[in-house]
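Data block below; observations after.
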Amino acid sequence: MDTSRGLHDETRTVWATALCFALGTVAGLVALQGPPRALTGPGSLSQPIAVIAGIVAAAAFVISTVQHRRGETQPMPPWQTAISHASAVALTVAFAAVTAFGVLLGGIVFGAGLHDFTTPALGGALVAGVASAIGGRFAYTAGVGIRTRDLAALLFGFLTIGTLFAMATAADPLWWQQNFSQLGLGARGWAFNGTLVVAGLLFATVGAYIGRDLHRLRGDSAVRGIAVVVALWGATGLALAVVGFVPIEVNRVVHWIAAIGTLVLFALAAAMSTKALPGPPRALLVATIGLAVLLVAAVLLHIPVRLYSSTGLEAIAVGLGLVWMTTFVRVLAVLVPDAPRVSARATLWRG
């Protein structure tokens with residue numbers, strides 16, 4: 001990218017950030033009328049500001065995508081266009097959720113440090129403006145040209161934010177003595193369950209972008225194999241979403257089948273994705289072997305040794321899985337060209 005184009009895009013981003021701030025502030029003035037409010041708790045600032053900032057971030061991503069990627073799918077066949085549009089819709093929901101959960105978590109953190117703090121409507125509106133500006137700028141920048149490794153980082157960040165918020169609002173402070181599924185129990189379980197549903201959507205979207213990158217790398221000759229990879233990532237995301245849709249208190253059997261299925265499908269998706277790469281690169285092989293050894297060690301420390309509860313094993317397994325995914329998409333970014341590749345196949349399964 002030349003210097004003038006880069007500066008032009010940055011100027012546009014600054015204006016978009018300012019507009020997000022203005023929209024968030026105006027919406028905050030309307031929504032926060034009444035007596036002064038605290039940062040968190042019933043009738044507080046956090047909930048309406050989270051909704052406002054989430055909507056602004058979603059709108060910023062949509063506008064940026066239209067501005068910077070208009071006409072990108074025009075030469076594509078219908079199936080490739082459909083995948084691109086579905087990914088854009090999923091990302092719109094994801095950016096809204098990430099922004100909203102970030103505001104809710106921030107409200108808890110600042111509320112713990114600022115005891116008895118309250119602010120009138122104008123102060124709350126300014127907070128809404130700042131939250132909207134941060135979330136909107138992040139989403140607007142992503143709309144310019146989000147990459148697969150950016151999506152993986154978004155998934156990692158969202159899981160962290162959502163889980164921390166769920167932990168901070170858990171009905172049972174001793175949930176960690178059993179497993180993460182305890183966070184989804186009761187009226188407050190919506191935070192953890194919602195996190196899993198949106199994370200499942202992100203998993204499927206990451207899979208679609210992995211398929212896009214593999215197609216750019218290998219072309220139409222590998223489309224069928226790439227479709228299997230995308231389907232496995234989509235199934236992984238669907239299974240994770242079912243874990244959130246069906247909490248353990250609603251149906252224990254379905255919940256655990258979906259949870260175990262998520263792990264199995266993730267392993268299959270990882271194996272097929274690695275197989276789809278030419279090589280595969282040594283960095284990915286070393287990371288895969290090393291993380292597999294660490295996972296086996298973690299299981300041994302949990303089952304025979306009982307060093308930690310199931311919660312600890314789940315956290316280690318998820319963390320190692322996300323580290324592998326990060327390594328994979330970074331290797332993929334090195335190999336894959338930036339330019340879009342239009343398929344010459346009229347349908348997905350036949351040329």
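Given the peptides 222-233, 94-105, arrange them by the average over their residues of other C-beta atoms within 10 Å, most packed first.
On the way: 222-233: 19.2, 94-105: 25.2.
Highest-to-lowest ranking by the protection proxy: 94-105, 222-233.
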5 angstrom amide H check on R37, placed H, neighbours 5+ away: T119
For I316, what accessible surface area do you get with a 1.4 Å probe? Give it in Å², rounded to 10. 60
What is the local net charge at R149, summed over the other residues whose Cβ is closer than 11 Å to its Cβ (Lys, Arg +1; Asp, Glu -1)? 0
Under the rule a/c < 1.5 gives rounded, and otherwise a/b versus b/c splits prolate from oblate, where does the stretch 52-209 land using the Cα gyration tensor? oblate
Computed over the chain, protein heavy atoms only, probe 1.4 angstrom, the accessible area per residue in square angstrom equals 50
With a/c under 1.5 counting as rounded, go ahead and sort the stretch 251-351 into rounded, prolate or oblate using the C-alpha gyration tensor (a ≥ b ≥ c being the square roots of the eigenvalues; past the cut-off, prolate if a/b is larger than b/c, else oblate). oblate
Is the shape of the chain rounded, prolate or oblate, going by the alpha carbon gyration tensor and its root eigenvalues a ≥ b ≥ c, with a/c under 1.5 for rounded and a/b larger than b/c for prolate? oblate
Using +1 on the beta carbon of Lys and Arg, -1 on that of Asp and Glu, and nothing else charged, what's the dipole of the chain about the Cα centre, debye to 20? 860
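Ranking request for peptides 266-276, 28-38: highest mean number of other beta-carbon atoms within 10 Å first, then the rest in descending order.
Working: 266-276: 18.5, 28-38: 16.3.
Final packing ranking: 266-276, 28-38.
Arrange the peptides 280-286, 70-76, 106-112 so that the one whose residues have, on average, the most other Cβ atoms within 10 Å appears first.
Working: 280-286: 14.0, 70-76: 11.7, 106-112: 17.1.
For the peptides 280-286, 70-76, 106-112, the packing ranking is 106-112, 280-286, 70-76.
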Taking all protein chains as present, what is the carbon and sulfur share of the accessible area of the chain, in % to the nearest whole number, probe 1.4 Å? 71
Quick calc, R188 & L122: beta-carbon distance into FRET formula, R0 30 Å, rounding 0.05, result 0.45
I want to make sure I understand the PRE zone here: with the label point 7 angstrom from the Cα of V323 toward its beta carbon, which residues in the stretch 275-292 have backbone N atoms less than 16 Å away? 283-292
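The values are calculated or read from the model by the stated rules, or taken from the named source; none is laboratory data. The model shown is predicted, which means the values in this text are computed figures rather than measured ones. Counting neighbours? That spans all protein chains shown, and the Cβs are built from the backbone with ideal geometry, glycine included. Ligands, DNA and RNA are stripped out before the accessible areas are found, and what is left, the full protein with its side chains, is counted by its heavy atoms. Shrake-Rupley method; radii C 1.70, N 1.55, O 1.52, S 1.80 Å.
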